[in-house]
Amino acid sequence: MNGTKYVAMDVHTATISVAVLDDHGKLIMESVIEAKGATIIQFIQGLRGELILTFEEGTWSAWLYDLLQPYVANIVVCDPRRNALLQEGSANDRIDARKLAELLRAKLLRSVYHGQNGLRTLKELARAYLTITKDLVRIMSRIKIAQPSVRRRAEFFYGQLDALVPLRKQARQELLADSIKHPAWKLLRSIPSLGPIRAAVVMAIVQTPHRFRTKRMLWKYSGFGVVTQTSADHRYVDGQLRRSKKPAFVRGLDPAHNHQLKDVFKSAAIQASTTKGPFREFYESLVAKGMRPEMARLTLARKIATISWMVWKKGVAFDAKNLKPQTA
């Protein structure tokens with residue numbers, strides 16, 4: 001009864017389906033509880049032993065993480081896009097919770113970073129600002145008045161536009177007001193082409209540079225990591241196993257990434273490549289060496305991402321003297 005237990009929660013607005021496995025993979029409990037803090041804590045406290053908990057990233061994940069962290073040994077907030085097992089066979093809340101528990105016990109879940117409470121407000125403000133901006137762009141793209149018959153529809157869209165413009169302005173002001181409280185914002189602002197909003201969004205999404213052990217891990221998360229594939233990596237030569245010298249096939253950039261963070265660094269690279277400064281010189285040197293302009297901008301975006309990570313991690317402002325091609 002006091003061994004390790006693997007607890008999985010399938011979270012919904014009103015209820016949570018829970019499945020509990022022991023360290024041998026045996027299902028020892030299934031339950032449906034109310035999605036209220038006191039009820040959830042009471043259920044967790046009723047379990048004995050070391051508890052390892054998982055639930056999928058979603059609307060309630062940050063609240064659940066903060067709520068249950070003091071009561072369990074470990075929490076894995078998992079990426080729902082990576083849980084391929086949940087797509088197999090029949091599906092309902094009870095089955096999904098049991099599958100999550102099995103994936104947790106087998107250590108097959110891809111975790112989503114949580115834990116920086118100091119940036120929680122900034123993260124939510126950035127989400128609000130980016131969502132409103134996305135809605136604003138979407139409405140503007142719908143307003144295409146080509147015929148008198150669609151004029152009335154366009155009037156409704158203009159009404160939406162009039163409501164969103166001041167709302168976006170307010171969200172921007174609150175995002176900036178909260179971001180300037182953090183020392184990292186001033187460090188990121190020292191990087192050319194990273195304006196106040198871009199710096200705030202980078203902070204809100206990344207939360208801490210120490211979550212990435214190397215710059216390549218940041219590239220992958222930002223959408224600048226290259227996907228390669230190989231096959232038949234080894235062969236026998238004269239009775240000895242040797243690694244094949246066939247080159248890896250490049251399959252493009254990794255599609256599993258944070259799209260908002262990629263947009264920040266891409267837009268910063270586009271601005272930097274057209275604005276006088278050290279990054280433009282870096283971009284032009286790449287083009288002069290024969291690199292295609294689109295690949296040079298991609299390399300510049302990767303460079304800006306790397307410098308942002310290093311500046312934030314080391315706690316020093318950007319210095320153009322340290323801009324070296326090999327660090328891209």
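The values are calculated or read from the model by the stated rules, or taken from the named source; none is laboratory data. This is a predicted model, so every value here is computed, not measured. When we count neighbours, we look across all protein chains shown, and the Cβ atoms used for this are built from the backbone with ideal geometry, even at glycine. Note: areas computed on protein heavy atoms with side chains; ligands, DNA, RNA excluded. Shrake-Rupley method; radii C 1.70, N 1.55, O 1.52, S 1.80 Å.
Structure notes:
- Assigned charges on the beta-carbon of Lys, Arg, Asp, Glu; the chain dipole about Cα centre (debye): 1680
- Per-residue ellipticity at 222 nm computed for the chain from its helices equals -15500 deg cm²/dmol, with DSSP H segments shorter than 4 residues left out and the rest contributing -39,500 (n - 2.57).
- Prolate/oblate/rounded call for the stretch 182-279, Cα gyration tensor, a/c under 1.5 rounded: prolate
- Residues of type lysines that LYS99 reaches as a straight line, Cα spacing below 19 Å, ignoring anything fewer than 8 places off in the same chain: LYS5, LYS26, LYS107
- Neighbour net charge for SER17 - beta-carbon separation under 10 angstrom, K R +1, D E -1: -2
- Filter on LYS169/LYS220; LYS186/LYS266; LYS144/LYS262; LYS169/LYS262 - keep pairs with C-alpha separation over 25 Å: LYS169/LYS220; LYS144/LYS262
- Tail weight of P(r) past 16 Å, computed on alpha-carbon pairs of the stretch 230-313, percent: 65
- Looking at the chain, the accessible area is 58 square angstrom per residue; that uses a 1.4 Å probe and ignores ligands, DNA and RNA.
- Taking a straight Cα-Cα cut-off under 16 Å and skipping sequence neighbours fewer than 8 places away in the same chain, the aspartates and glutamates within cross-link reach of LYS215 are ASP254.
- Here the stretch 86-244 was treated as a single set of alpha-carbon atoms; its pair distances binned every 5 Å from 0 give 1, 7, 10, 10, 11, 11, 11, 11, 11, 7, 4, 2, 2, 1, 1, 0 percent.
- Read-out volume of the Cα convex hull per residue in Å³, derived from the coordinates shown; its label in (1) 173; (2) 245; (3) 135: (2)
- In terms of its alpha-carbon gyration tensor, the stretch 56-169 comes out oblate; a/c meets the 1.5 threshold, while b/c is at least as large as a/b.
- Membrane-span-like helices in the chain, defined here as complete DSSP H runs extending at least 27 Å along the helix axis by their C-alpha atoms with mean Kyte-Doolittle hydropathy no lower than -1.0, are 120-142, 151-179, 293-314; this is a sequence and geometry rule, not a statement about a membrane.
- Percent carbon-and-sulfur accessible area, the stretch 38-135, ignoring ligands, DNA and RNA, probe 1.4 Å: 48
- Peptides ranked, highest mean first, by Cβ atoms within 10 Å: ranges 104-113, 264-273, 251-260: 264-273, 104-113, 251-260
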